[in-house]
Amino acid sequence: MLNTLARMIRTGILTEPWPAAATTPSAVEALQQDLWKILGRAQCIRHVDAGSCNGCELEIHALNNPYYNLEGAGIKFVASPRHADLLLVTGPVSVNMEEALRRTYDAIPDPKLVIAVGDCGTCGGIFGAGYATRGRVANIIPVSHTIAGCPPTPTAILAGILQAARVRVGA
């Protein structure tokens, strides 16, 4: 034990110093500020996984971590489509999720705003349309905005939500 303590004292601190404070906001902070200026209130999102590989879900979950701080930007995920302002759909629509997606879309209050996330949601991706899937989300419900990528980065998803919010309020 004493040998270990002596070695620690001789070696000193090996960690990196704290990064210098940035004077300009990062891209994520700029997106959050723009979103707050446009909305001026909370944005409630209902997320539906229509049959994806969960790659897009991992990136959406990353939006809730402290780095992206989605709640701080005034955006939150809700369990009920009746409380949602926006429907976020990932994956190609599987045959088993087709009716559930339609019911969720019908339950969202007007004006309906739908964002298809990822290549599978926007164009069917590698799954396409076949015996098990109906293909892209727009084949089942009207889509207002798409976010391409396989999977798209959390910053791209946040930028897509911002762009859809701008279109919605006419900013």
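The values are calculated or read from the model by the stated rules, or taken from the named source; none is laboratory data. Please read these numbers as outputs of a predicted model, since none were measured by experiment. Cβ atoms come from the backbone with ideal geometry, glycine included; neighbour counts cover every protein chain shown.
From the list A116, A107, the lone residue that is touching a helix residue (DSSP H, G or I) at 6+ places or on another chain (Cβ under 7 Å) and surrounded by fewer than 18 Cβ atoms within 10 Å (Cβ to Cβ) is A107. Might you let me know whether region 140-152 holds any residue that is within 16 Å of the chain's Cα centre (by Cα), surrounded by fewer than 23 Cβ atoms within 10 Å (Cβ to Cβ) and within 17 Å of C44 (Cβ to Cβ)? Yes, because at least one residue in region 140-152 is within 16 Å of the chain's Cα centre (by Cα), surrounded by fewer than 23 Cβ atoms within 10 Å (Cβ to Cβ) and within 17 Å of C44 (Cβ to Cβ).
For the residues T104, T146, T155, T122, the requirement of being in a helix (DSSP H, G or I) and at pLDDT 90 or above singles out T104. Each residue in region 87-100 was checked for being aliphatic (A, V, I, L, M) and surrounded by fewer than 22 Cβ atoms within 10 Å (Cβ to Cβ), and 3 pass.
Pairs are defined by a Cβ separation below 7 Å, a sequence spacing of at least 6 or placement on different chains, a first member in region 121-137 that is over 18 Å from N54 (Cβ atoms), and a second member that is of a type in the set (A, V, I, L, M, F, W, C) and surrounded by fewer than 13 Cβ atoms within 10 Å (Cβ to Cβ); the pairs so defined are R134/V95.
Scan region 60-80 for residues that are touching a Leu at 6+ places or on another chain (Cβ under 6 Å), buried (at least 16 other Cβ atoms within 10 Å of the Cβ) and over 9 Å from Q32 (Cα atoms) and the total you get is 1. Just a yes or no: is a residue in region 40-54 modelled with pLDDT under 85 and among the basic types (K, R)? Yes, that holds for at least one residue.
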